[in-house]
Structures are given as C-alpha cells and as structure tokens.
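Shown next, in structure tokens, is the structure this report addresses.
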Amino acid sequence: QVQLVESGGGLVQAGGSLRLSCVVSGIDFSEYDIGWYRQAPGESRELVAYITRVMITTYGKSVEGRFTISRDNAKSTVYLQMTNLSADDSGVYYCNAPWSKYSTTMLYDWGPGTQVTVSS
C-alpha cells in the first residue's frame, strides 16, 4: 500500500518561513515525479511546486522565488521550503504523484495533508 504522509505545517506570521515534509512509502520513490498541492477553504486545489525524478523543478507563479522544492531519495522524502509567507499561502498542503506535471489525476489516494496558517 502506498502512503503519503505530510508534516511540518503550523501557524506562522506573515513574512515567516516553514519547511514541509512528505514521506512516501510503498513504492520505489526515486522513480516518481512528485508535486506539492494546496487547497484553501472554498477554493480549488492548485499545484504549488513539482519535482521530477531527475531533479527538474517547476513552481506555481504565485510562489516562484519564495518556495523551494527538493527531494532526498535515500529518505523517500520530498520537502517544500516556504519563505516570505503571506495570508494567501494559507491552506492544507498535500503531496502526490500526478499522471503528468499539470494533470489533476493522481496516481494515489490523497494523504491527510498538513495545515499551514499564515497570520496577516
């Protein structure tokens, strides 16, 4: 069984930073491209950042220059370093493996996510 477990969220002041982690089990992690997604209440889930198995990265326009995605294949973990956070970054953050970079179809069930709340 594949499991995606996110952690690292919390409450942070505007302008602050957080580092999220996503631990993946049940697959050969190094063979998969992984994305970070977020969803605010009443809004659609959006792609935040994406990293391929060969370390190519892509960022959403709203976070480019502020967020950094990385991965450690030895730990089967993908990270999201978030800096200069604003209230618009608040939401539940999830990781998953999409069918392709911008696909809304995921290979696996969503995990629990981790809540990020940025005070204004």
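Report the residue count in segment 42-65 for those that are of a type in the set (Asp, Glu) and either outside any strand (DSSP E or B) or in contact with a helix residue (DSSP H, G or I) (Cβ under 6 Å, 6 or more places away or on another chain) (or both).
2
Please determine whether any residue of segment 24-42 is in contact with a Pro (Cβ under 8 Å, 6 or more places away or on another chain), open to solvent by less than 40 Å² (accessible area, probe 1.4 Å) and within 22 Å of Leu107 (Cβ to Cβ). Step through it out loud before you land on a result.
Start the filter on segment 24-42 by keeping residues that are in contact with a Pro (Cβ under 8 Å, 6 or more places away or on another chain), which leaves 33, 35.
Add one more test, that the residue is open to solvent by less than 40 Å² (accessible area, probe 1.4 Å), and what stays is 35.
Within this subset, residues satisfying the condition of being within 22 Å of Leu107 (Cβ to Cβ) are 35.
Taking every residue of segment 24-42 in turn, at least one turns out to be in contact with a Pro (Cβ under 8 Å, 6 or more places away or on another chain), open to solvent by less than 40 Å² (accessible area, probe 1.4 Å) and within 22 Å of Leu107 (Cβ to Cβ).
Taken over segment 66-108, residues that are part of a loop (DSSP other than H, G, I, E, B), touching a strand residue (DSSP E or B) at 6+ places or on another chain (Cβ under 8 Å) and without any contact (Cβ under 8 Å) to a residue 60 or more places away in the chain amount to 7.
Does segment 79-90 include one or more residues that are closer than 15 Å to Leu47 by Cβ and of a type in the set (Val, Ile, Thr)? No, because not a single residue in segment 79-90 is closer than 15 Å to Leu47 by Cβ and of a type in the set (Val, Ile, Thr). Val12 meets all of the listed conditions (1) open to solvent by 70 Å² or more (accessible area, probe 1.4 Å); (2) more than 15 Å from the chain's Cα centre (by Cα) but one, namely (1).
Take the residues of segment 56-115 that are among the polar types (S, T, N, Q) and open to solvent by 80 Å² or more (accessible area, probe 1.4 Å): which is nearest to Gly9 (Cα to Cα)? Step through it out loud before you land on a result.
Here is the first cut: in segment 56-115, the ones among the polar types (S, T, N, Q) are 57-58, 62, 68, 70, 73, 76-77, 81, 83-84, 86, 90, 96, 100, 103-105, 114-115.
Then drop every residue that is not open to solvent by 80 Å² or more (accessible area, probe 1.4 Å), which leaves 84, 104-105, 115.
Details: Asn84: 15, Thr104: 23, Thr105: 24, Gln115: 5 Å.
Per the criteria, the residue is Gln115.
The values are calculated or read from the model by the stated rules, or taken from the named source; none is laboratory data. None of these values were measured; they are calculated from a predicted model. Cβ atoms come from the backbone with ideal geometry, glycine included; neighbour counts cover every protein chain shown. In case anyone asks, the SASA skips ligands and DNA or RNA and just uses the protein heavy atoms, side chains included. Shrake-Rupley method; radii C 1.70, N 1.55, O 1.52, S 1.80 Å.
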